[in-house]
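In what follows, a structure is listed as structure tokens, so that the remarks can point back to it.
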Amino acid sequence: MADLARDPARPSEDTKGTAVQGAEGAVVQGRWRQLSLLGGTMLIDSAESGLITGLFPVIRQSLGLSLGALGVLGAAGKLIGVVTAPLWIWAAHRWSRKGILIIATSLWGVWGVAAGFAQNFTQLLVLTTVLAAGYAAAQPLVTEIVGDLFDSRSRGRAVGLLYGAVALTSALLAALKGQLAGFEDGWRWGLCTIGGFNMLFGLLLWRYLRDPGQGAAEPQLADLDPKARRATAKVTRTQIADLLKIRTFRILLASRLLSGHMVASAFSVVFLVDVYGFTTQTASAILLPLGIGFFAGTLLGGLAADWAATRSPRHGLPAVLQAAQIAFAVAAYFGTQFDYGSLALFALFFALMGIAQGVNPGINRPMVMAVTPPELRGAAFTVYVSIVEAVAWAVFSLGAGYLGDIIGLRAVFLWLLVILMLVNGAFLTLLYRPYADDVRRAQEELDRRRATALS
């Protein structure tokens, strides 16, 4: 997609991320190019974690581990982000969002290379946890910058494309990485390669990434001088505490705690190996239809978000988000509870699971952006992704690994991917009343700031 051409009659902002304001919103020049760079940043985190989960059966054999070790590795990586993500966000706002992304998600790749030389579980756990401590900066910072690159009319498509492209590329890489299981110490070579790639990617970020600045895509703020935007957007402790007073935000946080589908990608390969007897190389191929489905879901979710928000500003986005949870539960039931003998039918249902899961980012991220002011979006996504989602993922990961050894992954998948997701779908009914009111209040605040800056 191409950016809208500059209209000479419209005021503009002469910054590195030039913004053009019009009646329908603000267009930041070069925003799709910047989105591709941000997607590469998120791909780094996905590639490393995907290697551990996709090749865990051979890592387990190489280091003599139990199924619970996968849960510990995943939980430790998520929980460390609860501590480090707020620190990265603070540093990014204190100095430079671009600089922190380069350090935390690219140059941090040296720890991935070191993890490739781990000789036991303790070393692997420590090194991958340190690696995850740096990667924790990516999701909240990237999502915050996307909110400054795209206005409310195009955020659904942008977020959907971002998460979809990352998921699709990760799936393609996962299918290739799965073939490393056929080589002695192939997982070690994979970690070293990904770590080296991370460091090289830092050069691309340094050369081409341009931060548009907070509020650059808001129609009320785009034509203001960057200093004027910052002057009307001072962040205080009270404002951060007020995030939890936004009803829509609280409901979305609670929904993340009920999102059992996060277990699917982490345990899908070992699930097919342990429950249905596939080899690691064969089972790792399931990540491809799951990723392709996720990619398709993000595109559909982004389009559905923009369409639903236009057709029904009050109920459109909550309805799509709720439907996605129920659809995932149905696909997960048929995709995990029956033995089809071959990978083909599993692949079909896992693709459907991916589609239903992929709808979520294109809906819930724009919803958070719509109810929070620009300067607090980094804090909002730190709480949403790096704390609440991370804690939920850690609990599910530890629980799935522990219970998988006791009752089997088939029963675990039934409870987490089917029953809990139906509960989540029912819970999201609570969004219908407060969402539109919270959006209205956020827009009124931006209008007030514009009036203040121009007075």
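The values are calculated or read from the model by the stated rules, or taken from the named source; none is laboratory data. From a predicted model like this one, the values you see are computed outputs, not experimental measurements. Positions of Cβ are generated from backbone atoms using ideal geometry, with glycine treated the same way; all protein chains shown enter the neighbour counts.
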Any hit, region 269-285, residues being surrounded by fewer than 18 Cβ atoms within 10 Å (Cβ to Cβ), more than 30 Å from residue 187 (Cα to Cα) and either in contact with a Phe, Trp or Tyr (Cβ under 7 Å, 6 or more places away or on another chain) or modelled with pLDDT of 80 or more (or both) = no
task = Please enumerate the residues belonging to region 256-289 that are small (Gly, Ala, Ser) and within 19 Å of the chain's Cα centre (by Cα).
result = 259, 260, 264, 265, 266, 268
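Does region 285-337 hold any residues that are of a type outside the set (A, V, I, L, M, F, W, C) and without any contact (Cβ under 8 Å) to a residue 40 or more places away in the chain, and which are they? Reasoning before the result, please.
Taking region 285-337 first, the residues of a type outside the set (A, V, I, L, M, F, W, C) are 289, 291, 293, 297-298, 301-302, 306, 310-316, 318, 322, 325, 333, 335-337.
Matches in region 285-337: 310, 311, 312, 316, 335.
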Any pair with Cβ under 9 angstrom, 6 or more apart, that starts in region 260-275 at a residue that is within 12 Å of residue 401 (Cβ to Cβ) and ends at one that is modelled with pLDDT under 85 and part of a loop (DSSP other than H, G, I, E, B) = 267/67; 270/67; 274/67
task = Only residues in region 426-441 that are in contact (Cβ under 8 Å) with a residue 12 or more places away in the chain count as the first member; pair them with residues that are among the basic types (Lys, Arg) and in a helix (DSSP H, G or I), Cβ under 7 angstrom, at least 6 apart or cross-chain, and list the lot.
result = 434/247; 438/247
Conditions (1) modelled with pLDDT of 85 or more; (2) touching a helix residue (DSSP H, G or I) at 6+ places or on another chain (Cβ under 6 Å); (3) closer than 30 Å to residue 66 by Cβ; number of the one not met by residue 342 = (2)
task = Please specify each residue of region 97-126 satisfying the condition of being surrounded by fewer than 21 Cβ atoms within 10 Å (Cβ to Cβ) and among the charged types (D, E, K, R).
result = 98
request  = Confirm whether residue 228 is at pLDDT below 75 and either crowded, with 18+ Cβ neighbours inside 10 Å or among the small types (Gly, Ala, Ser) (or both).
outcome  = yes
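Step by step: first the residues of region 127-143, then only those that are within 17 Å of residue 388 (Cα to Cα) and either modelled with pLDDT of 80 or more or out of contact with any Asp or Glu (no Cβ under 7 Å at 6 or more places or on another chain) (or both), then the one that is surrounded by the fewest Cβ atoms within 10 Å (Cβ to Cβ). Which residue is that?
Taking region 127-143 and keeping what is within 17 Å of residue 388 (Cα to Cα), we get 132-133, 135-141, 143.
Of the ones still in play, those that are also either modelled with pLDDT of 80 or more or out of contact with any Asp or Glu (no Cβ under 7 Å at 6 or more places or on another chain) (or both) are 132-133, 136-137, 139-141, 143.
Values: 132: 24, 133: 21, 136: 31, 137: 28, 139: 23, 140: 26, 141: 29, 143: 25.
The qualifying residue surrounded by the fewest Cβ atoms within 10 Å (Cβ to Cβ) is 133.
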query = So is residue 237 under 27 Å from the mean Cα position of the chain (by Cα) and modelled with pLDDT under 65 or not?
reply = yes
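List the helices (runs of 4 or more DSSP H) that sit entirely inside region 272-374 and contain at least 3 residues that are over 29 Å from residue 252 (Cβ atoms).
Values: elements: 280-283, 287-311, 316-336, 343-371.
Here the list reads 280-283, 343-371.
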Single residue of 452, 336 found to be closer than 13 Å to residue 261 by Cβ and over 23 Å from the mean Cα position of the chain (by Cα) = 336
message = When you scan region 378-392, do you find a residue that is β-branched (Val, Ile, Thr), closer than 22 Å to residue 326 by Cβ and crowded, with 22+ Cβ neighbours inside 10 Å, even just one?
response = no
ask   = When you go through 390, 411, 379, 394 one by one, which is the residue that is of a type in the set (A, V, I, L, M, F, W, C) and modelled with pLDDT of 85 or more?
value = 411
